[in-house]
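Below is one structure, written out as structure tokens, with a few remarks after it.
The values are calculated or read from the model by the stated rules, or taken from the named source; none is laboratory data. In this text the structure is predicted, and so the values were computed from the model without any measurement. We place every Cβ from the backbone using ideal geometry, glycine too, and count neighbours over all the protein chains shown.
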Amino acid sequence: MGKKGLLIHSECEELISYVSEPVCMRCGKELKKSEENEAYCSDCREGGRYFDRGAALINYDSIMIRSMSAIKNRHKREYLDFYGRRIYERLGKKIKAMDIDAFIPVPVHPERKRLRGYNQAEELSLILSRYMNIPSVSDILIRRKNTGALKKLGARERRLSLRDAFSARRLSGLENLCIVDDIYTTGATVEACAKALYDAGAKKVCFISICAGGGRPDEA
């Protein structure tokens with residue numbers, strides 16, 4: 001992947017599995033073949049969601065696991081420029097249809113931010129803000145718990161770990177919000193953030209992410 005500007009080498013981009021229809025009408029991830037006649041994925045059918053709807057750019061597969069790890073652990077912040085540009089190009093109409101007042105990045109715990117040097121969700125939110133001319137507001141959501149890595153936990157364990165992990169300041173003039181994160185899998189993080197924002201007075205909460213896991217590409 002290229003180091004400079006917005007570009008990723010064309011041979012690398014050919015390996016990317018962009019999210020394609022049919023997708024879940026709630027969370028936006030690709031529906032599995034067994035779900036193609038359904039409006040919602042099994043996760044969204046099983047229980048209510050705090051968020052109204054979401055969208056993701058790329059399927060979370062082995063290629064993207066390495067790319068997201070490089071962003072988080074090897075300071076490849078320039079990759080976010082590429083993904084932000086592609087979100088704008090491919091999902092800009094969906095974001096506009098959400099009719100949002102602000103992008104709200106998922107916060108990381110201060111300890112983790114000190115170790116990593118930055119918050120990838122906040123960086124992505126700022127990039128989207130520039131493309132979409134929608135404010136990015138990073139001081140509303142607060143991370144109260146350092147939950148550590150969640151990738152090895154199941155959906156129930158993630159929800160338990162994230163219980164009361166976030167709080168939000170009272171909103172002033174902002175009602176329709178879009179949470180920004182790098183990866184959406186079970187939805188536990190977005191759910192916890194959305195609940196905190198609704199408790200603070202939000203009227204509508206959507207989300208946008210680079211990757212979504214658990215859809216069609218994971219099937220054997």
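Which of the residues that make up segment 57-75 are hydroxyl-bearing (Ser, Thr, Tyr), part of a helix (DSSP H, G or I) and either touching a Phe, Trp or Tyr at 6+ places or on another chain (Cβ under 8 Å) or in contact (Cβ under 8 Å) with a residue 12 or more places away in the chain (or both)?
Within segment 57-75, the first condition is being hydroxyl-bearing (Ser, Thr, Tyr), and the residues that meet it are 60, 62, 67, 69.
If we keep only those that are part of a helix (DSSP H, G or I) too, we end up with 62, 67, 69.
Answer for segment 57-75, where residues must be hydroxyl-bearing (Ser, Thr, Tyr), part of a helix (DSSP H, G or I) and either touching a Phe, Trp or Tyr at 6+ places or on another chain (Cβ under 8 Å) or in contact (Cβ under 8 Å) with a residue 12 or more places away in the chain (or both): just 67.
Conditions tested, residue by residue: (1) assigned to a strand (DSSP E or B); (2) in contact with an Asp or Glu (Cβ under 8 Å, 6 or more places away or on another chain); (3) loosely packed, with under 14 Cβ neighbours inside 10 Å; (4) modelled with pLDDT of 80 or more.
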{"site": "149", "(1), (2), (3), (4)": "no, no, yes, no"}
{"site": "170", "(1), (2), (3), (4)": "no, no, yes, yes"}
{"site": "173", "(1), (2), (3), (4)": "no, yes, yes, yes"}
{"site": "196", "(1), (2), (3), (4)": "no, no, no, yes"}
{"site": "201", "(1), (2), (3), (4)": "no, yes, yes, yes"}
{"site": "207", "(1), (2), (3), (4)": "yes, yes, no, yes"}
{"site": "220", "(1), (2), (3), (4)": "no, no, yes, no"}
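One residue stands out in segment 112-132 among those that are aliphatic (A, V, I, L, M) and surrounded by 14 or more Cβ atoms within 10 Å (Cβ to Cβ): the one that is nearest to residue 92 (Cα to Cα), namely 132.
Give me the residue from segment 22-50 that is in a loop (DSSP other than H, G, I, E, B) and aliphatic (A, V, I, L, M) and, out of that set, nearest to residue 198 (Cα to Cα). The extreme case among them is 25.
Suppose we keep only residues that are under 15 Å from the mean Cα position of the chain (by Cα) and among the acidic types (Asp, Glu) within segment 22-60. Which one would you say is surrounded by the most Cβ atoms within 10 Å (Cβ to Cβ)? Looking at residues that are under 15 Å from the mean Cα position of the chain (by Cα) and among the acidic types (Asp, Glu), I get 30.
Considering segment 76-111, and only residues there that are among the acidic types (Asp, Glu) and part of a helix (DSSP H, G or I), the residue that is surrounded by the most Cβ atoms within 10 Å (Cβ to Cβ) turns out to be 81.
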